[in-house]
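Asks: Sharing a structure, written as structure tokens. Questions coming.
The values are calculated or read from the model by the stated rules, or taken from the named source; none is laboratory data. No experiment lies behind these values; they were computed from the predicted model shown. Don't worry about glycine lacking a Cβ; one is built from the backbone with ideal geometry, like all the others, and counts go over all protein chains shown. To get the accessible areas, we keep the full protein, side chains included, count just its heavy atoms, and leave off ligands, DNA and RNA. Shrake-Rupley method; radii C 1.70, N 1.55, O 1.52, S 1.80 Å.
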Amino acid sequence: QVQLVESGGGLVQAGGSLRLSCAASGRTLSSYVMAWARQAPGKEREFVAAISGGASLTSYADSVKGRFTISRDNAKNWVFLQMNSLKPEDTAVYYCAAKRIPYSTNLALYPDWGQGTQVTVSS
């Protein structure tokens, strides 16, 4: 398994930007699909973005498409989520997740999760 630690969350006004980081340790990241998910109060955890082991494939939830970008640096064991044009409805705890290949956007198939980082977007 891999160990994941998120950072970069905080308070930002609507229209602003944040960059989340996920530091991973364990087996080589190139063998893992990585994803970001989020959970708002009173709601289920939802898929946000995913990226394949070699970064050739990415997926985004419709609600964030065009605003968020997922990326990875396998050499440094980092995964990132650049969030632009933030909206109040983006407020949630954001989690980094990992799974062995094959590629999937189904969060139920991701066994390894970080502790989460809070993102709050004010109107």
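Asks: Excluding the sites themselves, what is the longest stretch of the chain that contains no trypsin sites (Lys or Arg not before Pro) in a DSSP loop with at most 15 other C-beta atoms within 10 Å?
Replies: Of all site-free stretches, the longest is 77-123.
Asks: Charges on Cβ only, +1 for Lys and Arg, -1 for Asp and Glu, centred on the Cα centroid of the chain; of Gly114, Thr58, Met83, which one is farthest towards the dipole's positive end?
Replies: The one lying farthest along the dipole's positive direction is Thr58.
Asks: Here's another thing I want to ask about it. Given the chain, what count of lysine pairs have C-alpha atoms under 24 Å apart, with each pair 8 or more places apart or on different chains?
Replies: Total qualifying Lys-Lys pairs in the chain comes to 6.
Asks: Mind listing the Cα extents of the chain along all three principal axes, in Å, largest one first?
Replies: Principal extents (Cα only, largest first): 40, 27, 25 Å.
Asks: Let me ask something else. May I ask you to give the solvent-accessible area per residue for region 5-105, in square angstrom, as obtained with a 1.4 angstrom probe?
Replies: Heavy-atom accessible area per residue stands at 48 Å².
Asks: Provide the solvent-accessible area of Glu46, counting protein heavy atoms only and rolling a 1.4 Å probe, rounded to the nearest 10 Å².
Replies: The accessible area of Glu46 comes to roughly 80 Å².
Asks: Note down the magnitude of the dipole of the chain about its Cα centre, charges +1 on Lys and Arg C-beta and -1 on Asp and Glu C-beta and zero elsewhere, to the nearest 20 debye.
Replies: 200
Asks: Moving on to the next point. Would you mind counting up the charge near Ala40? Only other residues with Cβ under 11 Å from its Cβ, with Lys and Arg at +1 and Asp and Glu at -1.
Replies: Spelling it out: positives minus negatives among the neighbours equals -1.
Asks: Looking only at Cα atoms, what is the convex hull volume of region 1-72 per residue, in Å³?
Replies: Taking only Cα atoms, region 1-72 has a hull volume of 112 Å³ per residue.
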